[in-house]
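Here the structure comes first, spelled out in structure tokens, and everything after it is commentary.
Every read-out reported here was derived from the displayed coordinates using simple, explicitly stated rules and does not represent laboratory data. Just so it is clear, the model here is predicted, and its values are computed rather than measured. Cβ: placed from backbone, ideal geometry, glycine included. Neighbour counts: every protein chain shown.
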Amino acid sequence: PVWMMRQAGRYLPEYRNLRTKAGSFLSLCYDPKLATAVTLQPVERFGLDAAILFSDILLIPDALGQTVSFIEGDGPQLHPVRNLKDLEKLSNEVNFSHLSPVYETVSTVASQLNENVALIGFAGAPWTVATYMVEGHTSKHFDFIKRWAFSDPSSFEILIKRLTDATAMHLCKQIEAGADVVQIFESWAGVLPPKEFARWCVKPVEVITKRVKEQFPEVPVIAFPRGAGVGYIGYADATGVDGLGVDYTLPTTWVAKVLQPDVCIQGNLDPQILLVGGSVMRAAVREIKSALNNGPFVFNLGHGVLPQTPPEHVAELVQLVRED
């Protein structure tokens, strides 16, 4: 099977048309009709094996009362939460009525998909969502969040617990609405030292997975701890996830030997190689398939589709994956 992270996005002209129609990124996320159309676009165009809900990991802080906006060219902007006093200004619980359009989108997409196409719901992992909440935007050095987590872990734990509770409920509500699979995105797993990685990345995902499994034991959970490096070893066992997304820095032969015997692997073509296309892409796809096709494997990228990617490269990639 093959699908791609950010498969519904700016590289598709049909997405750009709907994005303009919506007026803002958040408006697009909260419009069930438009979000449904965006979710289905890549499936209809490329015949992918899964649709992933069009949404964003920062809808959780938005539903907690934090000011969230998306600036064209600059990405997400949030009014930062950098200590317990700031955190107390937000709600203790997510306003799930605020997120009801998301669940409506899930339900609508599920009703329109072919039975052979899976619908993937998702959420950001607590540490990754917290980085945006605390830094206020995408960060290079993560100064503010590390300072808080390292200097006052007991108060930082309050934020992580709140996000853990909210994320587990958010995923369960997506499954109730019709999601077949859920994925937890840990985009910034690679910025923490080992002990803090275990505390702030591994433990929250373990709690979330356990809560999802308590309600929906048959629904697969995928985690994508991007940049975790050697932290990938034992991650699936520690968290209880069914699938492990691997980024493009990991050698596929190592993944096959060390990780794949214990968990279904998802990944891991470099998105830049998809953008380049041609013989470079064909060779890379063959190499990944050769290394990982002997065990449970979902072909994907090692991060999301880049906005400049020609759609015809994606079409060729899908064809290459399906060739014997």
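Quick rundown of the values:
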{"read-out": "Shape category assigned to the stretch 154-203 from the gyration tensor of Cα positions, a/c cut at 1.5", "value": "oblate"}
{"read-out": "Gain in span if fully extended, W254 to L320, counting 0.36 nm per residue against the direct Cα distance", "value": "21.5 nm"}
{"read-out": "Estimated FRET transfer efficiency when R0 is 35 angstrom, pair I71-D152 (beta carbons, to 0.05)", "value": "0.70"}
{"read-out": "Environment charge at A315 (Cβ cut-off 15 Å; Lys +1, Arg +1, Asp -1, Glu -1)", "value": "-3"}
{"read-out": "Distance between the stretch 245-324 and the stretch 1-68 - C-alpha centres, whole angstrom", "value": "22 Å"}
{"read-out": "Relative contact order (percent, whole number), the chain, Cα cutoff 8 Å, 6+ residue spacing", "value": "18 percent"}
{"read-out": "Anisotropy class of the stretch 148-249 from Cα gyration tensor, a/c 1.5 cut", "value": "oblate"}
{"read-out": "Rough spin-label spacing in nm, given labels placed 7 Å along Cα→Cβ, for E88 and Q112", "value": "4.6 nm"}
{"read-out": "Additional length obtainable on full extension of the chain from S100 to R286, 0.36 nm per residue less Cα span", "value": "62.8 nm"}
{"read-out": "Exposed-site-free run, longest, the chain (rule: GluC sites (Glu not before Pro); DSSP loop; at most 16 other C-beta within 10 Å)", "value": "219-322"}
{"read-out": "Structure-based [θ]222 nm, the chain - -39500 (n - 2.57) summed over DSSP H runs of at least 4, per residue, nearest 500", "value": "-13500 deg cm²/dmol"}
{"read-out": "Where labels lie 7 Å past Cα in the beta-carbon direction, separation of S139 and D237 in nm", "value": "3.2 nm"}
{"read-out": "Rounded if a/c under 1.5, otherwise prolate or oblate - the stretch 14-63, Cα gyration tensor axes", "value": "oblate"}
